[in-house]
Amino acid sequence: MRSILIAGNWKMNLTVEEARRLALDVRQGLTNLPENIEVVVCPSFVHLSGVNFQLPSSINLGAQDVFWKSNGAYTGEISCEQLLDVGCSYVIVGHSERREYLKETDVMVSSKVLACLKHDLRPIVCVGENKEEREKKLTESKVTQQVELAFKDVKSGDIAKVDIAYEPIWAIGSGEAAEPSDAEAVVILIRQVLKGLFSEKEAEQVRILYGGSVNPQNIASFVLEKDIDGALVGGSSLKANEFVGIVKQVMKI
Ligand code: PEP
């Protein structure tokens, strides 16, 4: 039985004091998490240490990106070892904003996934189609290709150490979430692709989240879908009451 994962992506937001306050408020709002619900917050790199200091062991720390090399002359990059050292156990990989603005490719995503697995850092790998691809009915081919390229070099036995977030790009930050049944269909497709790459048993162990304008009002409709195992939350994770509200809605299910 897969657990539920709710991950907050704080993106490039907040001062040190605001990040500290948000972490404290999330901590105070989520004092009794059940075992089957995992929560992660992903602040900017500069806030990781400070936020880690505020979080209880029941709430995980994640980063928003990682580089595949361990150390050396890679100005501006951050390694798995460095993320582990400041308390991260998760990292978002291949977010659509990085793919779009930083020209991150599927090959780079694959290298990052392999580095994470080597170091026991859990990647949340983002895939999803943009508006134009959706309109041209290319969602299936786009997502299939992203999943195949991200995981083709992952060893059998390692794929269960990965989480995937299906994030239709047009739904991110737009206030227009996908229809839960449409998201469910893509999540089922992702699991089918995993079954082609790994064994059925292994593919069944991978958590697949939905992301895109999730809030306390719509989270239940996603998590009630049989194959959706949680959410990657952007905007609503910046307001403690909304993020805590999302987790509490899941706790009611
Ligand atoms: C995201 O950026 O991963 C995201 C899902 O953002 P939002 O919840 O704001 O749509």
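Worth a mention:
- Any hit, the range 170-182, residues being more than 15 Å from the chain's Cα centre (by Cα), in contact (Cβ under 8 Å) with a residue 12 or more places away in the chain and closer than 23 Å to E200 by Cα: yes
- Residue check, S199 surrounded by fewer than 16 Cβ atoms within 10 Å (Cβ to Cβ), within 29 Å of S237 (Cα to Cα) and among the hydroxyl-bearing types (S, T, Y): no
- When the range 94-111 is filtered for residues that are buried (at least 18 other Cβ atoms within 10 Å of the Cβ) and touching a helix residue (DSSP H, G or I) at 6+ places or on another chain (Cβ under 7 Å), the ones remaining, listed by number, are G94, S96, E104, V109, S110.
- Odd one out for V39, checked against (1) more than 18 Å from the chain's Cα centre (by Cα); (2) β-branched (V, I, T); (3) surrounded by 14 or more Cβ atoms within 10 Å (Cβ to Cβ): (1)
- Scanning the range 80-106 for residues that are more than 16 Å from the ligand (Cβ to nearest atom) and either without any contact (Cβ under 8 Å) to a residue 24 or more places away in the chain or in contact with a His (Cβ under 8 Å, 6 or more places away or on another chain) (or both) yields C80, E81, Q82, L84, D85, K103, T105.
- Candidates V91, V86 - the one that is β-branched (V, I, T) and either closer than 21 Å to G234 by Cβ or surrounded by fewer than 14 Cβ atoms within 10 Å (Cβ to Cβ) (or both): V91
- For the range 228-245, the criterion of being more than 16 Å from the ligand (Cβ to nearest atom) and either surrounded by 19 or more Cβ atoms within 10 Å (Cβ to Cβ) or part of a loop (DSSP other than H, G, I, E, B) (or both) is satisfied by no residue at all.
Since every read-out is calculated from the coordinates, none of them should be taken as a lab result. Everything numeric in this text was worked out from a predicted model, so none of it was measured. We place every Cβ from the backbone using ideal geometry, glycine too, and count neighbours over all the protein chains shown.
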